[in-house]
Amino acid sequence: MAAPQLAEWERWAARYARVAVGAAFLSAVAGRFGLWGGHLNWDNFARFIDRTAELNPFVPASAMPFVAWAATIVETSLGVALIAGVYVRWAAFGSALLLAWFGTAMAATAGLKSPLDYSVFSASSAALLLALHESDRGRTPV
């Protein structure tokens with residue numbers, strides 16, 4: 001493949017990763033507020049707080065609402081930044097770290113099958129690749 005074609009494919013792949021990871025974060029947030037029609041397991045914020053407690057058993061129960069709200073705010077911010085294309089490198093690094101933490105917590109508390117079934121590590125690696133792509137100074141911004 002010629003170099004200009006490859007560069008164009010790379011730009012489209014980076015856009016695809018940005019939108020896919022960003023949309024996944026926003027979809028998760030929408031689900032915990034029942035915006036997907038209430039047919040999900042986490043269709044309300046109280047259930048999300050309970051699930052957050054399951055995944056973070058080392059955090060005191062009194063801190064769970066704070067942790068759940070912090071996660072929601074971070075996921076919303078990262079999702080919007082990725083989709084809008086602002087601070088992409090930092091949003092992608094933050095996404096990779098948050099997803100790696102979430103996947104590790106899932107694996108530690110529910111077993112390795114759970115984060116693999118939900119492609120948490122795949123999304124984390126896509127975000128990391130996006131961050132590295134963005135940090136390559138010789139590239140055209142996506």
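All of the numbers you see were taken from the coordinates with simple rules; none came from a lab. Quick caveat: nothing in here was measured; it's all calculated off a predicted structure. Glycine gets a Cβ as well: all are built from the backbone with ideal geometry, and neighbour counts include every protein chain shown.
Tabulated data
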{"item": "Computed E for Tyr118/Leu6 - FRET, C-beta separation, R0 35 angstrom, nearest 0.05", "result": "0.65"}
{"item": "Fewest-first sequence of Ser62, Ser125 by Cβ atoms within 10 Å of each Cβ", "result": "Ser62, Ser125"}
{"item": "Theoretical gain in end-to-end length, Phe58 to Ala30 [0.36 nm per residue, Cα-Cα removed]", "result": "7.4 nm"}
{"item": "Within-9-Å neighbourhood charge of Val88 [Cβ basis; K, R +1; D, E -1]", "result": "+1"}
{"item": "Net +/- balance of residues flanking Trp69 in space, Cβ distance below 15 Å, scoring K and R +1, D and E -1", "result": "+1"}
{"item": "Estimated inter-spin distance, Leu97 and Ala46, nm [label 7 Å along Cα→Cβ]", "result": "3.4"}
{"item": "Trypsin sites (Lys or Arg not before Pro) restricted to segment 49-142 and DSSP loop, no more than 13 other C-beta within 10 Å", "result": "Arg137, Arg139"}
{"item": "Fewest-first ranking of Val120, Val67, Val59, using other Cβ atoms within 10 Å as the exposure measure", "result": "Val59, Val67, Val120"}
{"item": "³J(HN,Hα) computed for each position of segment 94-104 - Karplus, 6.51 cos²θ - 1.76 cosθ + 1.60, integer Hz, glycine/proline x", "result": "x, 5, 4, 5, 4, 5, 5, 4, 4, x, 5"}
{"item": "Listed values [x] 28, 21, 15; [y] 31, 15, 14; [z] 20, 17, 16, entry calculated as semi-axes √(5λ) of the Cα gyration tensor in Å", "result": "[y]"}
{"item": "Whole-number D in µm²/s for segment 1-70 (Stokes-Einstein; Kirkwood sum over Cα pairs; 4 °C, 1.567 mPa s)", "result": "89"}
{"item": "Computed over segment 1-83: relative contact order in percent, which uses C-alpha pairs under 8 Å that are six or more apart", "result": "37"}
{"item": "The chain: relative contact order in percent, alpha carbon pairs under 8 Å with at least 6 residues between", "result": "28"}
{"item": "³J(HN,Hα) computed for each position of segment 106-120 - Karplus, 6.51 cos²θ - 1.76 cosθ + 1.60, integer Hz, glycine/proline x", "result": "4, 5, 5, 9, 10, x, 5, 4, 4, x, 6, 4, 8, 6, 5"}
